[in-house]
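Trainee: Here's a structure for you.
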Amino acid sequence: MAAVFTVYFEDPFWVGVLESEDSGRFVVARHVFGSEPSNVELLDFMLYRFAFMPRSWAHADEAQAEKRIRNPKRAAREAMRNIGRPPSTKAQAALSAAREESKAEGAAISREEKLALCARRFQLRAEKRKRKHDGH
């Protein structure tokens, strides 16, 4: 499983995006650092908090899943070339899909809470009417 962790500036915050492919699934995770992270902060993040990042999964193309092992020098050159580039459009699409999914879940929960609150208020009003009717 190869993974790429990209740190870039998205006004007004610094953002880190983890992209990896595992068994034909594309995994994306995003973390907002706030101010520009130092090398020590990045190392601390990679060692201790990296594993706890919330991730989003999408199915990767099977052709991309079957990549061969690359020459380490070529990988280092590509990494230097990719410095400063924003994450791939595939990662952005997976992140936006995860955002939409969590927004829909939040809306459903909010709707249920609102209905429960309305039912509780109705019940309290009905009890108050009954007490007034009974003369208490």
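The values are calculated or read from the model by the stated rules, or taken from the named source; none is laboratory data. Since the model is a prediction, treat every value here as computed from it, not as a measurement. So basically every Cβ, Gly included, is an ideal-geometry build from the backbone, and we count neighbours across all protein chains shown.
Trainee: Being touching a residue at least 12 places away in the same chain (Cβ under 8 Å) and either loosely packed, with under 13 Cβ neighbours inside 10 Å or of a type in the set (Lys, Arg) (or both) is the filter here; which residues of the stretch 11-48 pass it? I'd like the intermediate steps shown before the answer.
Mentor: Taking the stretch 11-48 as the starting set, the residues that turn out to be touching a residue at least 12 places away in the same chain (Cβ under 8 Å) are 13-37, 42, 45-46.
Within the stretch 11-48, PHE13, SER23, GLY24, ARG25, ARG30, VAL32, GLY34, SER35, GLU36 meet the criteria.
Trainee: Could I ask something else about it? Which numbered condition trips up GLN64, out of (1) surrounded by 10 or more Cβ atoms within 10 Å (Cβ to Cβ); (2) modelled with pLDDT of 80 or more; (3) within 14 Å of VAL4 (Cβ to Cβ)?
Mentor: For GLN64, the failing item is (2).
Trainee: Looking at (1) under 17 Å from LEU95 (Cα atoms); (2) in contact with a helix residue (DSSP H, G or I) (Cβ under 8 Å, 6 or more places away or on another chain); (3) at pLDDT 70 or above, find the lone condition where SER56 falls short.
Mentor: With respect to (1) under 17 Å from LEU95 (Cα atoms); (2) in contact with a helix residue (DSSP H, G or I) (Cβ under 8 Å, 6 or more places away or on another chain); (3) at pLDDT 70 or above, SER56 is out only on (3).
Trainee: For ALA108, state whether it is farther than 17 Å from SER20 by Cα and in a helix (DSSP H, G or I). Walk me through how you get there before you give the answer.
Mentor: On the way: farther than 17 Å from SER20 by Cα: yes; in a helix (DSSP H, G or I): yes.
Yes: the conditions hold for ALA108.
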